[in-house]
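The values are calculated or read from the model by the stated rules, or taken from the named source; none is laboratory data. All values derive from a computational prediction rather than experimental measurement. Backbone-built Cβ (ideal geometry, glycine too); neighbour counts: all protein chains shown. Note: accessible area is taken over every heavy atom of the protein model, side chains too, but ligands, DNA and RNA are not part of it. Shrake-Rupley method; radii C 1.70, N 1.55, O 1.52, S 1.80 Å.
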Amino acid sequence: MRAISTAAAILGFFVFPSLFVVSVLGAPSPTIQVGRSVTGSALQRRTTPFFPDQPPSCPICAQDYPSMSSCAEAAPVLQNFTNIIFNPGAFIDVIKCQENILNTPNLPAVVDGMRKVCAIESTLLGNVSNVDVAPKKYLTLPLSQVRPAGWLLNQLQVQTNGLAGHEHEFYHWVSGTDWTGGTQAYSNLEEAGSYWFNGMVPNGVLVNSTVLNQKTLDFLNYVIDHQDSTGWLGPEVGTSKPRYLWGRYPFFFGAIQMTEAHPELTDKVVTAMHKFVSLANTMLKNNGTGVEPWAATRWEDFVISLQWLYDNHPNGNQDLLIDTMKRLKWTGVPWEKVFSQQYFPTTAVERTPNPFNLPLTWHGVNVAEGLKALPSTYRFTHNQTDLDVASKGWDLLFQYHGRPSGIYAADEYLAGLEAVRGTELCLVVETMFSGSYLYQIIGDPKFADRVERITYNALPATLTGNMWSRQYLQQQNQIASKNMNPNPFPNDGAYSNVFGLEPNYPQLPSRVAEVRLERIPDYTRSEVSGAPVPRTVLDNDYSCFKQQGLRHCRHALSFQRHSDYYDHCFVGIHILCPNSSWVSGGTIAINGGTARAVAPSNGLQAVSVAAGTTRFVLNLPAKITTESRPHGSIAVHRGPFNFAYDIPRSQKVLSQNSQQPLAVDLEFDATGAWQYAIDPSTLQFHATSPSSLPSPIFDSGKSPLSITVTACPINWSTAGDTFAASPPTNPSCTGGNTTLTLTPLGTTKLRISEFPVM
């Protein structure tokens, strides 16, 4: 139950024979009470149009009706009338219906009836028909059509050889998951097994792992083969466990990817999904059965899966699919309010009352997932406001809680700008996914640019180089990784920033693998296919991948140092290459010709590709930049990288898994000084050109990139012995100048990356 809101003016809605009358007023704002039944007199049959005296638009419409093609001309607010009908939860503060029409437990059905009425009585709005799903700006290529090579393939192999690729062997939440007949589940949300499945599907396909591919196929087959007669999927089948929708959503993402890599599975997966959708729709009609507080924040993930069905395999169920999308939104939290300027929190929220009395709307991972809500909603509302609020909400999130590493702070809940507050690994992965989805729908390069920064900074910073240990929370300024007492995290435990198997909470490391290759920004778009191809950058030129099978042609693509090679069977097409916002003075040379300045449009550079082989060289230089941070401190950037001082450290093994000795919990302690102020006028970039990149590339001492800067020691206090105080403003040097070497933040495990200034 929730109030339905807007600053709407006055609306009159009039319907014709066999229909009913609805009027909406702009003030005051009572809460709609859901749960009362519709009275028999609510639906009135009329033989002529009826125009009540109020609201004021009614007499206007009555007076001018003979000369109008539509009553929608009676009031300007009706310019957004279809949105009010199809998406009232996002749009109006008050709905007051004559004769209590909306005092019903089945409000979505009433509104959906209004939509169908409009389709029949098209004179009402001038030939408005049923809702369709709006297209995306960009489409992703199916899993397996993009193949990693070079350092990116190496990173995926490191991941496969690390904890994520071995969880199924010993980690009880995976090896004994109740999704495949075991007994293990860490909560009644039943998300552990489906998280693992969603992550390991793309991991296995992209590295061509026979073991992982068989494991994920067995998982899929078990779940679908055990679908019960009602349509339910998951470990609750045949048990008395509560049936909550949320745990299915990661499973659907994984199952969809399975059909992309293995088209022969499509009928099986699609049939099972449609059976489940029918059941879920019935549950949602029944006062939102299956929607607990977590599902209420993450409804957008199910909507995206429903839209995949609608786009690719609707099977005649378009109306049911759209109705289910709407019901998910109506039973979920109002993300359009959460991300609005009016309500969005501008500081850490632990002392701020939640205006919706829905504290999970400020939970970091839920916020990350909720970033997809409004763009997914737009696809069935066609309401530009959804996209405007989504874009503004993205900006607000990083303005008030953002980090130089590209991510934002939320040590459980939104945590403001202080450098020692935490960021959860799960929200890093989910923000990468959501930012990529926002780019697909809206097309603004700012989303891809930020996901690129997160990919090369926040993600590797919270993992050991061999990917066998991970943190629950990372810090921008992190001077120790240990059992912290005291700790700076109001809602998380003292063990939260330890690198280990399950510090603080059993986050699944396989969730890292949920970020599929095409979700790593930026994008090269082929206008022929309409699909974005991912381009990854390590100092502009070190990443590479191969793509095959595009539109029945062999299309091989690899990125090498300052070189991109295209071999394409189409004639006269255009390739759109990314040109990130950090590029300064970029050039392109085609087939050995003279290099010319790039001239991107909306972040994309068009390149004509003729039949045969086209060779072009992109040179994408970047400048060193600084970013102002709290307390007069600064962060240092070059290209997509945030640079940090890698604090010398010692390592201590805190615990070791009895079944897998590589799965260890690690404590890191500083063995050298970290209390420095820097002189930003002395920043200088350095790069080496190794014949091949070291592996793993995201580890201390491995990066070929560095920045040197003049620094001096200062007084900088700690809180206990576990975390740094805020950077001192205008500090005095306590010793002579020295030179610090900064490296990409993703290679550091203890670090300073928000520096006081000399």
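Equivalent-ellipsoid semi-axes (√(5λ), Cα gyration tensor) for segment 153-199, whole Å, largest first?
With the √(5λ) rule applied to segment 153-199, the semi-axes are 23, 11, 7 Å.
If packing is taken as the average count of other Cβ atoms within 10 Å, what order do 182-192, 657-667 fall into, highest mean first?
So the order, starting with the most tightly packed, is 182-192, 657-667.
Equivalent ellipsoid semi-axes for segment 169-314, as square roots of 5 times the alpha carbon gyration tensor eigenvalues: give them largest first, rounded to whole Å.
Taking √(5λ) for each Cα gyration eigenvalue gives 23, 19, 13 Å.
Could you sort ARG379, ARG453 by their accessible area in this structure, using a 1.4 Å probe and putting the largest first?
Descending order: ARG453, ARG379.
Pull out the extension gain between HIS382 and GLU264, defined as 0.36 nm times the separation in residues minus the alpha carbon to alpha carbon distance; nm, one decimal.
Result: 39.1 nm gained on full extension.
How long, wide and thick is segment 681-758, going by the Cα atoms along their three principal axes, in whole angstroms, largest first?
That gives 43, 29, 16 Å along the principal axes, largest extent first.
So if we plug the beta-carbon distance of ASP319 and ALA719 into 1/(1 + (r/R0)^6) with R0 = 56 Å, what FRET efficiency do we get, rounded to 0.05?
Calculated value: 0.45.
Given the Cα atoms of segment 300-402, and with Rh set as the inverse mean 1/r over their pairs in the Kirkwood sense, what is Rg to Rh to two decimals?
Radius of gyration over Kirkwood radius for segment 300-402 works out to 1.02.
Rank by packing, highest mean first: peptides 631-638, 590-597, 224-231, with packing defined as the count of other Cβ atoms within 10 Å averaged across residues.
631-638, 224-231, 590-597
Filter LYS137/LYS275; LYS623/LYS702; LYS137/LYS372; LYS241/LYS268; LYS136/LYS446; LYS137/LYS446 down to the pairs with a C-alpha to C-alpha distance above 19 Å, please.
LYS137/LYS275; LYS623/LYS702; LYS241/LYS268, as the Cα separations exceed 19 Å there.
If r is the Cβ-Cβ distance from ASN208 to ASN286 and R0 is 35 Å, what FRET efficiency results, to the nearest 0.05?
Given R0 = 35 Å and the Cβ-Cβ separation, E is 0.20.
Sort 473-483, 206-216 by the packing proxy (mean of other Cβ within 10 Å over each peptide's residues), most packed first.
473-483, 206-216
What does the extension gain come out to for SER681 and ASN466, with contour length at 0.36 nm per residue minus their alpha carbon separation?
Full-extension gain reported as 73.8 nm.
If DNA, RNA and ligands are ignored and the probe is 1.4 Å, what is the ranking of LYS446, LYS275 by accessible area, most exposed first?
Of LYS446, LYS275, the descending order of accessible area is LYS275, LYS446.
Which translational diffusion coefficient, to the nearest whole µm²/s, is obtained for segment 330-389 from the Stokes-Einstein equation, given a Kirkwood hydrodynamic radius over C-alpha pairs, 37 °C and 0.692 mPa s?
268
Using just the Cα positions, wrap segment 578-735 in a convex hull and report its mean projected area in square nanometres, one decimal place.
Taking the Cα atoms of segment 578-735, their convex hull projects to 15.7 nm² on average.
Could you check the simple spin-label distance between SER601 and ASN491, using points 7 Å along Cα→Cβ, in nm with one decimal?
4.5
What are the semi-axes of the equivalent ellipsoid of segment 378-471, taken as the square roots of 5 times the eigenvalues of the Cα gyration tensor, listed largest first and rounded to whole Å?
26, 15, 11
So what's the net charge close to VAL389: Lys and Arg +1, Asp and Glu -1, counting the other residues with Cβ under 12 Å from its Cβ?
Net of charged neighbours comes to -2.
Roughly how much of CYS712 is accessible, in Å² to the nearest 10, using a 1.4 Å probe?
We get 0 Å² for CYS712.
Note down the nm distance, to one decimal, between modelled labels 7 Å out along Cα→Cβ at THR688 and at HIS631.
Calculated label separation equals 3.4 nm.
Want the number for ALA673 to ASN188: 0.36 nm per residue separation, take away the alpha-carbon distance, what's left?
So the extension gain works out to 170.0 nm.
Between SER695 and THR239, what is the label-to-label distance in nm when each label sits 7 Å out along the Cα-to-Cβ direction?
3.9
What FRET efficiency comes out for THR741 versus THR587 if R0 is 30 angstrom and r is the Cβ-Cβ distance? Round to the nearest 0.05.
0.55
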